[in-house]
1. Please work out which one of (1) touching a residue at least 24 places away in the same chain (Cβ under 8 Å); (2) of a type in the set (A, V, I, L, M); (3) more than 23 Å from GLN249 (Cβ to Cβ) is the condition LEU304 fails and give its number.
2. Of the residues that sit in the stretch 194-232 and are of a type in the set (Val, Ile, Thr) and touching a helix residue (DSSP H, G or I) at 6+ places or on another chain (Cβ under 7 Å), which one is surrounded by the most Cβ atoms within 10 Å (Cβ to Cβ)?
3. Would you check if LEU282 is within 22 Å of the chain's Cα centre (by Cα) and either hydroxyl-bearing (Ser, Thr, Tyr) or under 29 Å from LEU123 (Cα atoms) (or both)?
4. Out of LYS160, LYS133, LYS167, I need the residue that is modelled with pLDDT under 95 and not in a strand (DSSP E or B). Which one?
5. Which is hydroxyl-bearing (Ser, Thr, Tyr) and surrounded by fewer than 15 Cβ atoms within 10 Å (Cβ to Cβ), of THR43, THR50, THR60?
6. If I filter the stretch 281-298 for residues that are of a type outside the set (Ser, Thr, Tyr) and within 12 Å of the ligand (Cβ to nearest atom), do I get at least one hit?
7. Hey, can you tell me all the residues within the stretch 215-245 that are within 16 Å of the ligand (Cβ to nearest atom) and among the charged types (D, E, K, R)?
8. I need every pair where a residue in the stretch 33-46 that is within 21 Å of HIS19 (Cβ to Cβ) has its Cβ under 8 Å from the Cβ of a residue that is away from the ligand (no atom under 15 Å from the Cβ), sequence separation at least 6 or different chains.
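The values are calculated or read from the model by the stated rules, or taken from the named source; none is laboratory data. Here the structure is a predicted model, which means the values were calculated and not measured. Every residue, glycine as well, gets a Cβ built from its backbone with ideal geometry; the counts of neighbours run over all protein chains shown.
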Amino acid sequence: MVQFAWEEIKKSMEEQAAHIPVMHKEITEYMRLPAGGCCVDGTLGMGGHTRLLAEQVGPTGKIIAIDRDRQSLETAKKNLSSVEGRVIFVQDDFRNIDRVLEGLNIQSVDGILLDLGISSFQLDNEQRGFSIKANGPLDMRMDQDSWLSAYDLINSLSEKELSLILKDYGEERWHNRIARRLVQERSIRPIETTKDLSDIVLKSIPSGQKWQKIHPATRTFQAFRIAVNRELESLDIALSKIVPYLKPQGRICIISFHSLEDRIVKNKFRVLAQSGELQLVLKKPLSVSLEEEHVNPRSRSARLRVAEKL
Ligand SMILES: C[S@@+](CC[C@H](N)C(=O)[O-])C[C@H]1O[C@@H](n2cnc3c(N)ncnc32)[C@H](O)[C@@H]1O
């Protein structure tokens, strides 16, 4: 009988999927940038979408590629060497999009893309502290020059504040129990690693709740990551600023990965549509195709919303 190296095949499929940007077909279709156009990719990551956009605008176009993460920018620059002349790399938070464009003397652009959250590159590096699966320091900063890490929050906030973070940013049912346990444990010794955190979550929740579809600490990790990086605030601020920088018929495409982000996008788009500044291109968010979900299971929860400037 033929013996397949299943683990290696799976690993190679996952590596290939990691290089294909989420909803790449939909982004190409809905962004529909003109040749010679100019577009902002506010979440450069590994440069997958930036490459698509750079191919759409062609050799005379420009992509302003922003990321808060210095390491991601360095890696993306290498990945994008073939379209290098079309990309302007900027290390910043996309909430500062006005400052970035004004600094580059760009008055308006043909499109803006945000692919929210963290990349596989960040998730898979245990030293960054984003992963439940690998043990590493409790960091979770996208911008490694920022002063606040998950360690700082978890070891210094009050029980009430921890509980609020877990409730509001993780929609965690057991927020009170987890917060209480965090405070108890850190009175014995500081909570230092991702393993410490996931063990504490497992000890906090009722035993019948330990076997779920997702790891029981997933919501806790999401909550602290959002708090450390002030992710929802960045999204809200960016959405309040971007419309004046879009050309008429210019499009905003936003891919979100959880309901908190999607709710902000939905509400902002609705308000901007009511005031006549934008029109919705998609009435409902698009989900990933079954085909893409099969190749890249991490894309499962992605939702795309698209709006156009009037
Ligand atoms: C999901 S990944 C993007 C992947 C990218 N589209 C690709 O094809 O490789 C999200 C990236 O956006 C960055 N990011 C998240 N929030 C940001 C913000 N507020 N400002 C700038 N970059 C941000 C993260 O550091 C991460 O590299």
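1. That leaves (3) as the condition not met.
2. For the stretch 194-232, the residue satisfying everything is THR220.
3. Answer is no for this residue.
4. Criteria check complete, one pass: LYS133.
5. THR60
6. The answer is yes, given that some residue of the stretch 281-298 is of a type outside the set (Ser, Thr, Tyr) and within 12 Å of the ligand (Cβ to nearest atom).
7. Scanning the stretch 215-245 gives ARG225, ARG230, GLU231, GLU233, ASP236, LYS241.
8. From the stretch 33-46, the pairs are CYS39/LEU33; CYS39/VAL57; CYS39/GLY61; CYS39/LYS62; CYS39/VAL109; CYS39/ASP110.
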